[in-house]
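The numbers here are math on the coordinates, done by the rules we state, and not lab data. The shown structure was predicted, so the numbers you read here are calculated from the model rather than taken from an experiment. In this analysis, Cβ positions are derived from the backbone assuming ideal geometry, glycine residues included, and neighbour counts consider all displayed protein chains.
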Amino acid sequence: MLDTVIIGAGPAGLSAAVYAVRGGLSALLIDQSPVHGGQVLTTYEVDNYLGLKGISGMELGQKFAAHAKETGINELNSPVTEIEPMDGGFKVKTVKETIETKTVIVATGAVHAHLGAKGEEEFGGMGVSYCATCDGAFFKNMDVCVIGGSDVAVEDAEYLARTSKHVYLIHRRDTLRAANELVETLKKRDNVSFIWDSEVTSFNGNLDLESVTVHNKKTGEDTILPVQGAFVAVGIKPVSDVLKGIVNFDEKGYAIAGEDCRTNVKGIYVAGDVRKKPLRQIITAVADGANAVASVQEDIR
């Protein structure tokens, strides 16, 4: 029986892997993707990770993955289907095999939230995207829109403005939640327009996206906005299904745990974006990975 199984190979899971091996634990890192790094891989530029200012998200994620791999951590690429409590630990069931372990660190992260608007799924990958840095190059010299008001939305708009013909930032309120410095930088762009108090109610087109329907919440007016690309940046939702029915969650589906990453179930820990916490950043995810392993070490002793 292993000391711990780490589910998820983003910053939290990779950090946990490094600390687990260095701490002398028998550990297994499981992720359904052979490419480790998590959401950071889709970030154009990371400007706030201490000591690595301006590094690309792809490079930072690769550095994290390489560090974990160099420790000699055992890895398994497979989706996890179930965590089943057993005497003295847990059975972690995957598509490939079942692993017995004393403890489980769940670091499955979060994914981009969808609007739920008409045509969103139909035009996914055909004009509708959730990652500007991944897909922005496909819309060079085209008209695009970004939907949202967070730091991510503004950063996406700034990134797209460098190559797109025109960028429309659509937000349901009249002010943005993003940091003022980011907003002021974006406002200096001649090819960026702000559409306030509005929601996208429909994505339209034939084979590819051709326009979005924008509903103004104050006037009630609907406008057809011709765009070839639409980038949805309305937040994230936790990937926590594997824990449902086992640990406690908040109303948004985040697993409840303190800074020690302990859940209400002894032997199960959560780290990174899947955990209920006030700040979800790369640096806090890395810290969670370390804290989770420290708790594991203390508990199995």
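Based on DSSP H runs of at least 4 residues, each adding -39500 (n - 2.57), what is the mean residue ellipticity at 222 nm of the chain after dividing by all its residues, to the nearest 500 deg cm²/dmol? If you can, show how the numbers build up before the last one.
Values: 6 runs with 68 residues, N = 301.
That calculation yields -7000 deg cm²/dmol at 222 nm.
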Taking other Cβ within 10 Å of each residue's Cβ, how do Thr4, Thr71, Thr219 sort, fewest first?
Thr219, Thr71, Thr4
Residues whose modelled amide H sits under 5 Å from the amide H of Tyr49, counting only those 5 or more places away in sequence or on another chain, are Gly54
So for the chain, taking the charge dipole from beta-carbon charges (+1 Lys/Arg, -1 Asp/Glu), which of Val212, Thr263, Val46 sits furthest toward the positive end?
Thr263
Hey, how many Å between the Cα centroid of the range 270-301 and the Cα centroid of the range 88-118?
15 Å
How charged is the neighbourhood of Asp260? Take every other residue with its Cβ under 13 Å from the Cβ of Asp260, and add Lys/Arg as +1 and Asp/Glu as -1.
0
What are the ³J(HN,Hα) values, in whole Hz, obtained from phi via the Karplus relation 6.51 cos²θ - 1.76 cosθ + 1.60 with θ = phi - 60°, for each residue of the range 69-77 in sequence order, with x given for Gly and Pro?
5, 5, 6, x, 4, 6, 10, 9, 9
Determine ³J(HN,Hα), in whole Hz, for all residues of the range 2-18 in sequence, where each value follows from phi through the Karplus function 6.51 cos²θ - 1.76 cosθ + 1.60 and θ = phi - 60°; x replaces Gly and Pro.
6, 6, 7, 10, 9, 9, x, 10, x, x, 5, x, 5, 5, 4, 4, 4
If you place +1 on the Cβ of every Lys and Arg and -1 on the Cβ of every Asp and Glu, how big does the dipole about the Cα centre of the range 128-232 come out, in debye to the nearest 20?
140 debye
Stokes-Einstein diffusion coefficient for the range 169-290 at 4 °C in a medium of 1.567 mPa s, Rh from the Kirkwood formula over Cα pairs: what value in µm²/s?
73 µm²/s
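Please report the net charge: other residues with Cβ closer than 9 Å to the Cβ of Val296, K and R +1, D and E -1.
-2
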Least to most buried among Ile300, Ile282 (fewest other Cβ within 10 Å first):
Ile300, Ile282
What relative contact order, as a whole-number percentage, does the chain give when Cα pairs under 8 Å and 6 or more residues apart are counted?
20 percent
Assuming 1.567 mPa s and 4 °C, estimate D for the range 128-232 with Stokes-Einstein, Rh taken as the Kirkwood radius over Cα pairs, in µm²/s.
96 µm²/s
J(HN,Hα) series, the range 145-150, from Karplus relation 6.51 cos²θ - 1.76 cosθ + 1.60, nearest Hz, glycine and proline x:
10, 10, 10, x, x, 8
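Send over the per residue convex hull volume for the chain, Cα only, as a whole number of Å³.
139 Å³
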Rounded, prolate or oblate for the range 1-130? Axes are the square roots of the Cα gyration tensor eigenvalues, ordered a ≥ b ≥ c, and the cut-off for rounded is a/c under 1.5.
oblate
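I need the calculated FRET efficiency for the pair Glu184 and Ser33, taking r as the beta carbon distance and R₀ as 45 Å, to the nearest 0.05. Working shown, then result.
Numbers: r = 37 Å, r/R0 = 0.82.
That gives a FRET efficiency of 0.75.
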Sorted by number, the cysteines in the chain with no other cysteine beta-carbon under 4.7 Å are Cys145, Cys261
Name the long-range amide H neighbours of Asp197: under 5 Å, sequence gap of 5 or more, or other chain; modelled H, no Pro or chain starts.
His171, Arg173, Asp174
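Using unit Cβ charges (K, R positive; D, E negative) and no other charged atoms, how large, in debye to the nearest 20, is the dipole of the chain about its Cα centre?
My answer is approximately 440 debye.
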Compute the signed sum of charges (Lys and Arg +1, Asp and Glu -1) over the other residues within less than 15 Å, Cβ to Cβ, of Lys188.
-2
Just the C-alpha atoms of the range 46-107: what Rg/Rh do they give, with Rh taken as the Kirkwood radius?
1.14
Please find the FRET efficiency linking Asp151 to Asp250, where r is the Cβ-Cβ separation and R0 is fixed at 22 Å, and quote it to the nearest 0.05.
0.50
For Lys102, give me every one of the lysines with a C-alpha distance below 24 angstrom, ignoring sequence neighbours fewer than eight places off in its own chain.
Lys69, Lys91, Lys93, Lys244, Lys266, Lys276
Along the principal axes of its C-alpha atoms, what lengths does the range 56-198 span, in descending order and rounded to whole Å?
62, 37, 29
Cα centroids of the range 212-241 and the range 41-80: how far apart, whole angstrom?
31 Å
